[in-house]
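Trainee: Before we start, here is the structure in question, set down as structure tokens.
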Amino acid sequence: MTCQTSSEAALARLQRGERFDAILCDLMMPQRTGMDLHEALVELSPDQARVMLFLTGGASPRARAFLDRVGDAAFDKPVNLPALIERLRRIVG
């Protein structure tokens, strides 16, 4: 497991070519949101954008529209841990 405290740091790693089995990301963060990170990855590395899961404690209209587009990728806080583990298992195969 690898952790980053900002989406900017995570994006820099991905731009350097690092790849991950799954990316768990908060939806709303300072500087670059999880939505912004996803949009950057759709351009940079679509395979990595497809393995993103988003944690949210509530969603603005923009965030709700984004979550509707990405489908089964959102987990409300507090997170249902068994559901998150099951989703991660499906991603990593």
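The values are calculated or read from the model by the stated rules, or taken from the named source; none is laboratory data. Remember, it's a predicted structure, so these values are computed and weren't measured experimentally. Ideal geometry is used to build each Cβ from the backbone, glycine not excepted, and the neighbour counts take in all protein chains shown. The protein model used for the area step is the full one, side chains on, heavy atoms only, and it has no ligands, DNA or RNA in it. Shrake-Rupley method; radii C 1.70, N 1.55, O 1.52, S 1.80 Å.
Trainee: Does residue 48 count as open to solvent by 80 Å² or more (accessible area, probe 1.4 Å), touching a helix residue (DSSP H, G or I) at 6+ places or on another chain (Cβ under 8 Å) and farther than 21 Å from residue 76 by Cβ? Lay out the reasoning, then the answer.
Mentor: Numbers: open to solvent by 80 Å² or more (accessible area, probe 1.4 Å): no; touching a helix residue (DSSP H, G or I) at 6+ places or on another chain (Cβ under 8 Å): yes; farther than 21 Å from residue 76 by Cβ: yes.
In short, no.
Trainee: Still on this structure, please answer the following. Going through the range 77-93 one residue at a time, which ones are in contact (Cβ under 8 Å) with a residue 12 or more places away in the chain and within 21 Å of residue 14 (Cβ to Cβ)? Step through it out loud before you land on a result.
Mentor: Narrowing the range 77-93 to residues in contact (Cβ under 8 Å) with a residue 12 or more places away in the chain: 77, 79, 84, 87-88, 91-92.
Result: 87, 88, 91, 92.
Trainee: Separate question: I'd like the full set of residues that are part of a loop (DSSP other than H, G, I, E, B) and not charged (D, E, K, R), limited to the range 38-78. Give the derivation first.
Mentor: Looking only at the range 38-78, we keep the residues that are part of a loop (DSSP other than H, G, I, E, B), and these are 45, 50-51, 57-60, 71-73, 77-78.
45, 51, 57, 58, 59, 60, 71, 73, 78 - these are the residues of the range 38-78 that are part of a loop (DSSP other than H, G, I, E, B) and not charged (D, E, K, R).
Trainee: Considering only residues that are without any contact (Cβ under 8 Å) to a residue 24 or more places away in the chain, open to solvent by less than 40 Å² (accessible area, probe 1.4 Å) and not small (Gly, Ala, Ser), which ones fall in the range 54-76?
Mentor: Selection gives 75 alone.
Trainee: Is the range 9-22 home to any residue that is in contact (Cβ under 8 Å) with a residue 60 or more places away in the chain, within 19 Å of residue 93 (Cα to Cα) and either part of a helix (DSSP H, G or I) or within 13 Å of the chain's Cα centre (by Cα) (or both)?
Mentor: Yes: one or more hits.
Trainee: Give the residue that is least open to solvent (accessible area, probe 1.4 Å), with candidates limited to residues of the range 1-17 that are of a type in the set (D, E, K, R) and out of contact with any Ser or Thr (no Cβ under 9 Å at 6 or more places or on another chain). Break it down stepwise before answering.
Mentor: Initial filter on the range 1-17 (of a type in the set (D, E, K, R)): 8, 13, 16.
Next, only the ones that are out of contact with any Ser or Thr (no Cβ under 9 Å at 6 or more places or on another chain) stay: 8, 16.
Numbers: 8: 78, 16: 163 Å².
The residue in question is 8.
Trainee: Now, a different point. Just checking, how many residues over the range 18-35 are at pLDDT below 95 and open to solvent by less than 70 Å² (accessible area, probe 1.4 Å)?
Mentor: Qualifying residue count, the range 18-35: 8.
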